[in-house]
Amino acid sequence: MRSSNPVFSRRGFSRDNGGYAGFDAQHQQAGAATNPYATNPYATDPATGMPQAPVRANAMTMDDVVSRTGMTLGVLILTAALSWILLPVDPANLGKSYAIGIGAALVAFVLAMVQSFKRKPVPALILGYAALEGVFLGVISAATSTYLSPGVVIQAVMGTMCVFAAVLLAYKMGWIRVNRRFTGFVMAAAMGFILLMVANSLFAIFGGGDGLGFRSGGLGLLFGAIGVILGACFLALDFKQVEDGLAYGAPREEAWLAAFGLTLTLVWIYLEMLRIFQILSGDD
């Protein structure tokens, strides 16, 4: 199954004819001739019931995924904390800090797009994205906490962590079944959601106020909740791709793509949580 996440889909995190598409196909075909488990290096031997040894010596492991994800999120959190401290949001400096934050977000977006269209992960691009996105999150979080809703940042962080833990538990327990129908529904819903948010932003820019009202009041809460649910669905898709990568022998370097995709999704969820708790505070 091909991922809906552009980070994964560019590299073919998918099963094809029982194998792992896009990853050293010649090696898989050659191995299949002598080893019936070559297409799945973690298959179980039906005769002994024991797991087979991985065919690929440099196959991605869960430790690789965890370490790369921790490194990427660590860079993001570090730069967010530094920007919170070093980029003041008092009335005299708010405009300058906002300009730096928005500029960092735009460059981070470019880096994310470049990586998404690369055939191989580039750690420098991924870590650069994380660093610049952290600058943006630090500024927007500091401004929100200072002027709109004190304490809302902690609530948004805790909410994001809870969503991650809940989706991981639901996925591991089999309560979420990631299949083609699930993927298609999530992609269609995400496209509609993004188009509505773009329309709202355009109306806000040219018409003033909050545009169509999708980001404040009751509608803001509704669309914030929809955004969080979509983020949770993308987490399930990310978990599925990581699981497939582990089971079908993805190269170790693909752990960087897993880290990148998970970071993108967690940033989405955090921003939606920030908006929800800001509205609930009653200061919007």
Straight-line reach check, Lys118, cutoff 26 Å on alpha carbons, 8 or more apart in-chain or any other chain, hits among lysines -> Lys240
Between Arg181 and Glu253, the two model label points (7 Å from Cα along the beta-carbon direction) sit apart by a distance in nm of 3.9
Between Ala165 and Ala92, the two model label points (7 Å from Cα along the beta-carbon direction) sit apart by a distance in nm of 4.3
With R₀ set to 41 angstrom, the calculated FRET efficiency between the beta-carbons of Met71 and Ile205, to the nearest 0.05, is 0.65
For Val122 and Leu219, extending 7 Å from Cα along the Cα-Cβ vector and measuring point to point gives, in nm, a value of 4.0
With the 1.4 Å probe rolled over protein heavy atoms, the range 94-237 has an accessible area per residue in Å² of 52
Applied in sequence order to the range 170-179, the curve 6.51 cos²θ - 1.76 cosθ + 1.60 (Karplus, θ = phi - 60°) yields integer Hz couplings, x standing for Gly and Pro, of 4, 5, 5, 7, x, 6, 10, 10, 8, 10
Computed from every Cα-Cα pair in the range 154-284, P(r) in 10 Å bins starting at 0 and rounded to whole percents is 12, 37, 33, 14, 4, 0
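The values are calculated or read from the model by the stated rules, or taken from the named source; none is laboratory data. Remember, it's a predicted structure, so these values are computed and weren't measured experimentally. Here Cβ is always computed from backbone atoms with ideal geometry, including for glycine, and neighbour counts include all displayed protein chains. The protein model used for the area step is the full one, side chains on, heavy atoms only, and it has no ligands, DNA or RNA in it. Shrake-Rupley method; radii C 1.70, N 1.55, O 1.52, S 1.80 Å.
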